[in-house]
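**Q** Questions regarding the structure given below will be posed in turn.
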């Protein structure tokens, strides 16, 4: 099988961060460039989506940005790695696990880690129940997705999803989990940069 291509999604507005987070530097390198560097050794080509150097325009929703990235893939590309532009610490062995799990009987491969904390449901700050965490996983990127399945999911379902494999799930595709990595954090708030720096040994 040919190497997959990759799409790095760096099109978020950064509202929770307070400024475009993909351009924030970690040890002198922008977050989106670190995300590109994480997947580049495993991809034939990398398409960056977002208002960053070398990026193509994205959309208001994640699915719109993914569709923009898909439009730049060659027609014969079978699999694509989709990675968050604000997830700069994805280890090489994690990406290798995702790529190695690509198979004919699945439509998406997702790195994930078991939920370790107790999870509660609440309304207006009042707890309404405790969720059994057995079988619950926190998913990460990069996710490997069969291009034909993703195009079909985008065509069949107009709604957005917080992760790309979620689109595949909703149209009945097969999604397989592989072991994620706790270091593979997503930068959402300014304080997350300090955490990432510590995890990477830059602090």
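**Q** Out of all the residues in the stretch 167-185, which are outside any helix (DSSP H, G or I), modelled with pLDDT under 95 and buried (at least 16 other Cβ atoms within 10 Å of the Cβ)?
**A** Result: no residue meets the conditions.
**Q** Just need a number here: residues in the stretch 1-54 that are assigned to a loop (DSSP other than H, G, I, E, B), surrounded by fewer than 22 Cβ atoms within 10 Å (Cβ to Cβ) and touching a residue at least 24 places away in the same chain (Cβ under 8 Å).
**A** 14
**Q** So if I check each of 107, 164, which one is touching a residue at least 60 places away in the same chain (Cβ under 8 Å), crowded, with 17+ Cβ neighbours inside 10 Å and either more than 26 Å from residue 34 (Cα to Cα) or over 17 Å from the mean Cα position of the chain (by Cα) (or both)?
**A** Unique residue meeting the criteria: 107.
**Q** Still on this structure: Look at residue 95 and say whether it is over 18 Å from residue 151 (Cβ atoms), crowded, with 23+ Cβ neighbours inside 10 Å and at pLDDT 95 or above.
**A** So residue 95 fits the description; yes.
Here's the yes/no breakdown for (1) under 28 Å from residue 182 (Cα atoms); (2) in contact with a helix residue (DSSP H, G or I) (Cβ under 7 Å, 6 or more places away or on another chain); (3) free of Cβ contacts under 8 Å to residues at least 60 places away in the same chain:
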{"position": "62", "(1), (2), (3)": "yes, no, no"}
{"position": "73", "(1), (2), (3)": "no, yes, no"}
{"position": "81", "(1), (2), (3)": "yes, yes, no"}
{"position": "85", "(1), (2), (3)": "yes, yes, no"}
{"position": "119", "(1), (2), (3)": "yes, no, yes"}
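**Q** Continuing with the same structure: Report, by residue number, each residue of the stretch 68-86 that is assigned to a loop (DSSP other than H, G, I, E, B) and surrounded by fewer than 22 Cβ atoms within 10 Å (Cβ to Cβ).
**A** 71, 72, 73, 74, 75, 76, 77, 78
The values are calculated or read from the model by the stated rules, or taken from the named source; none is laboratory data. What you see is a predicted model, and the numbers here were worked out from it, not measured in a lab. Every residue, glycine among them, receives a Cβ derived from its backbone with ideal geometry; neighbour counts consider all protein chains shown.
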